[in-house]
Each structure stands twice: as C-alpha cells, then as structure tokens.
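Asks: Just passing along the structure, written as structure tokens.
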Amino acid sequence: MESILEFREVVLEARHPYDVGLDRVSFSLAAGELLIVGVEKGHGRTPFPDAAEGLAEPDRGEVFFRGISWTGMSAGKSAAQRGTIGRVFETGGWVSNLNIDENVTLSQRHHTLRPLEEIAEEADRRARGFGLPGLSAIRPAAAKRPERRAAEWVRAFLGEPALIILEHPMNDAYTSFLPALGAAVEAARKRGAAVLWLTHDPMPPEAGITSARGATLSGDRLLMRA
C-alpha cells in the first residue's frame with residue numbers, strides 16, 4: 001500500500017511555554033489506515049498535527065508525505081500537497097471574516113479546478129450526512145458550537161483528501177453525530193485515504209470503526225501500541 005504519512009525520528013522542540021514538543025517520533029501510515037492517538041487530558045498543545053501537514057519543521061528528523069519530505073518540497077509543491085489534506089483543528093481554524101460556507105469550500109476553490117456548483121453540491125450533501133440541514137451562510141462566531149463543529153467535519157472530508165487529520169473532533173459536537181463521523185472515516189479509508197485521529201477518550205463502539213492502529217501521546221513521546 002502507498003505510504004501516505006511517515007515520521008522518521010522527528011524531534012521538535014516546544015515553541016511556547018504551554019506547548020509540548022516531540023521526541024524521536026517514528027511511525028508510518030499507509031493508504032486506508034487509521035491511527036487513533038490517545039492524548040492524556042491536560043496535555044499541552046502538541047505540534048504533531050502541524051508537523052504531519054508540513055507546517056512545523058522538525059529540529060531533527062524528517063516527515064514524509066506520500067513519499068516526499070516536506071522540507072524537500074518547493075513552496076508551490078507543498079501548498080499543492082496540503083490541498084490534498086483535510087483537517088479538523090482542535091481550535092476550529094476558522095477565517096473570521098468569511099461565512100461558514102465560504103470557509104468550508106475555500107480550499108477546494110483555491111486548490112482545484114472543480115466547478116463551484118460541484119463543490120457546493122458536495123459540501124451540502126456532506127453537511128446533510130452529518131446531521132446538518134445544509135451549510136450555513138453566517139459567520140462562524142454566530143453559529144452554535146455543535147453545528148460549527150460538524151461544519152468542520154464537512155471541510156475536512158470535502159474533495160476526497162489523501163490524508164485526514166482529526167484533532168479531537170468530538171469536542172463540542174453532538175454525540176448523536178458520532179456514527180456519521182465514523183461512517184465518513186470508514187468510507188474515506190475504503191477509497192484509500194489515511195486518517196489520523198487524536199482524542200482524549202476511548203473510541204466508543206457506536207463510532208462503527210472496524211479496525212485501527214493505536215498509539216498514546218505521552219508528554220513528547222508517541223508510544224505505539226502492539
């Protein structure tokens with residue numbers, strides 16, 4: 001299977017007082033694989049997802065996306081590759097002066113040549129699949145937290161990305177929406193996407209996850225489970 005994401009002995013020092021760095025993190029994630037990373041409650045902000053997306057450069061070691069080191073890519077190449085990554089940010093990651101529908105479709109409008117009508121149709125279909133009546137055309141700050149969180153899921157899965165990073169996606173979300181999120185993850189894996197899921201809590205059975213690899217983020221070490 002194609003390797004989607006690989007960390008090789010990655011060391012990344014903490015940049016801020018409440019952050020936690022990475023110490024010699026090594027793992028690989030192939031197409032169709034799901035890695036569920038348990039994060040200890042109270043754990044400081046980790047650069048792990050940023051490093052996976054090539055946004056945080058390691059002090060030592062390398063991160064490879066689809067077989068190419070992020071540090072070896074040109075600016076244009078890395079931007080194009082990030083266009084094939086979907087992400088739910090722990091803190092939301094919204095552009096405050098854009099409406100929710102504009103936020104959700106921004107990457108697809110910027111990184112692809114898809115017709116706008118096609119992007120909007122997929123976004124609306126995914127929103128309804130996650131229990132929303134559709135995508136809202138209001139500012140993110142004006143939306144209820146659970147609906148805003150589900151809209152982040154739409155943004156992460158839009159356009160069939162090769163890698164999907166889910167940072168605590170159930171924070172502020174309706175628990176009744178979890179089966180739909182699990183179904184989206186399984187569908188993405190079936191078509192060949194790799195998924196990285198960070199969570200503070202054990203994965204409940206209603207998520208419908210069929211199989212997954214497990215790891216624990218303890219301090220600055222990623223401990224892979226057998």
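Asks: Simple spin-label model, 7 Å along Cα-to-Cβ: His110 to Arg45 in nm?
Replies: In this crude spin-label approximation the distance works out to 1.9 nm.
Asks: A further question follows. Rounded to the nearest 500, what is the chain's calculated 222 nm mean residue ellipticity when only DSSP H runs of at least 4 contribute -39500 (n - 2.57) each, over all residues? Don't jump to the answer; show the numbers that get you there.
Replies: Numbers: 6 runs with 65 residues, N = 226.
Helices in the chain give a 222 nm mean residue ellipticity of -8500 deg cm²/dmol.
Asks: How large is the charge dipole for the chain, taken about the Cα centre, if only the Cβ atoms of Lys, Arg (+1) and Asp, Glu (-1) carry charge, to the nearest 20 debye?
Replies: Working: 27 positive and 30 negative charges, 41 e Å.
Roughly 200 debye, rounded to the nearest 20.
Asks: Turning to a different aspect of this structure: What is the antiparallel percent of DSSP beta bridges lying wholly in segment 113-226, to the nearest 5?
Replies: Details: 4 of 9 bridges.
Counting only bridges with both partners in segment 113-226, antiparallel ones make up about 45 percent.
Asks: How much solvent-accessible surface does Asp50 expose, in Å² to the nearest 10, with a 1.4 Å probe and all protein chains in place?
Replies: Using a 1.4 Å probe on the heavy atoms, I get roughly 30 Å².
Asks: Just how much of His111 is accessible, in Å², when a 1.4 Å probe is used and the result is rounded to the nearest 10?
Replies: It works out to around 80 Å².
Asks: At a threshold of 8 angstrom on Cα-Cα distance, excluding pairs fewer than six apart, so keeping six or more, what relative contact order does segment 51-165 reach in percent? Let's see the in-between values first.
Replies: Working: 131 pairs, mean separation 38.4, N = 115.
Rounded, it is 33 percent for segment 51-165.
Asks: Excluding residues on the same chain fewer than 8 positions from Lys41, give the lysines whose Cα lies under 19 Å from its Cα.
Replies: none
Asks: Just how large is the dipole of segment 1-103 about the Cα centre, in debye to the nearest 20, putting +1 at every Lys and Arg Cβ and -1 at every Asp and Glu Cβ? If you can, show how the numbers build up before the last one.
Replies: Numbers: 10 positive and 16 negative charges, 18 e Å.
With only Lys, Arg, Asp and Glu charged at Cβ, the dipole is about 80 debye.
Asks: In whole Hz, what ³J(HN,Hα) sequence does segment 91-108 give by Karplus (6.51, -1.76, 1.60; θ = phi - 60°), x for Gly and Pro?
Replies: Running phi through 6.51 cos²θ - 1.76 cosθ + 1.60 with θ = phi - 60° gives 9, x, x, 8, 8, 5, 9, 10, 5, 4, 4, 5, 4, 4, 8, 4, 4, 5 Hz.
Asks: Oh, and also: So how much slack lies between Glu121 and Asn171, counting 0.36 nm per residue of separation and subtracting their Cα-Cα distance, in nm? Please list the in-between numbers first.
Replies: Numbers: separation 50, 0.36 × 50 = 18.00 nm, distance 2.66 nm.
Gain in length upon complete extension: 15.3 nm.
Asks: Can you send over the solvent-accessible area of Leu158, 1.4 Å probe, protein chains only, in Å² to the nearest 10?
Replies: 10 Å²
Asks: While we're here: Give a residue-ordered list of calculated ³J(HN,Hα) values for segment 157-166 (Karplus: 6.51 cos²θ - 1.76 cosθ + 1.60, θ = phi - 60°; whole Hz; x for Gly, Pro).
Replies: Running phi through 6.51 cos²θ - 1.76 cosθ + 1.60 with θ = phi - 60° gives 9, 5, x, 6, x, 7, 10, 10, 10, 10 Hz.
Asks: Could you work out the relative contact order of the chain? I mean the mean sequence separation of Cα pairs under 8 Å and 6+ apart, divided by the number of residues, in percent.
Replies: Working: 439 pairs, mean separation 63.7, N = 226.
Relative contact order, the chain: 28 percent.
Asks: Another one. Ignoring ligands, DNA and RNA, what percent of the accessible area of the chain is carbon or sulfur (1.4 Å)?
Replies: Working: 5640 of 10940 Å².
Of all accessible area on the chain, carbon and sulfur atoms account for 52 percent.
Asks: Hey, another quick one. Mark the label point 7 Å from the Cα of Ala80 along Cα→Cβ and return the residues of segment 111-132 whose backbone N is within less than 13 Å of it.
Replies: Backbone N within reach: 111-113.
Asks: Additional query: Give the residue from Ala143, Phe89, Trp197 lying farthest towards the positive end of the charge dipole for the chain; charges sit on Cβ (+1 for Lys and Arg, -1 for Asp and Glu) and the dipole is referred to the Cα centre.
Replies: Toward the positive end, the furthest listed residue is Ala143.
Asks: Now for a separate question. Taking θ as phi - 60°, what are the ³J(HN,Hα) couplings along segment 55-71 by the Karplus curve (6.51, -1.76, 1.60), each to the nearest whole Hz, with x for Gly and Pro?
Replies: Result, ordered by residue: 9, 10, 7, x, 6, 8, x, 9, 10, 10, 10, 6, x, 10, 5, 4, 6 Hz.
Asks: On a 1.4 Å probe surface of the protein chains, which of Thr216, Thr105 comes out largest in accessible area, and what is the full order?
Replies: Values: Thr216 40, Thr105 15 Å².
The residues order as Thr216, Thr105, largest area first.
The values are calculated or read from the model by the stated rules, or taken from the named source; none is laboratory data. Everything numeric in this text was worked out from a predicted model, so none of it was measured. Glycine gets a Cβ as well: all are built from the backbone with ideal geometry, and neighbour counts include every protein chain shown. With ligands, DNA and RNA removed, areas are computed over all heavy atoms of the protein, side chains included. Shrake-Rupley method; radii C 1.70, N 1.55, O 1.52, S 1.80 Å.
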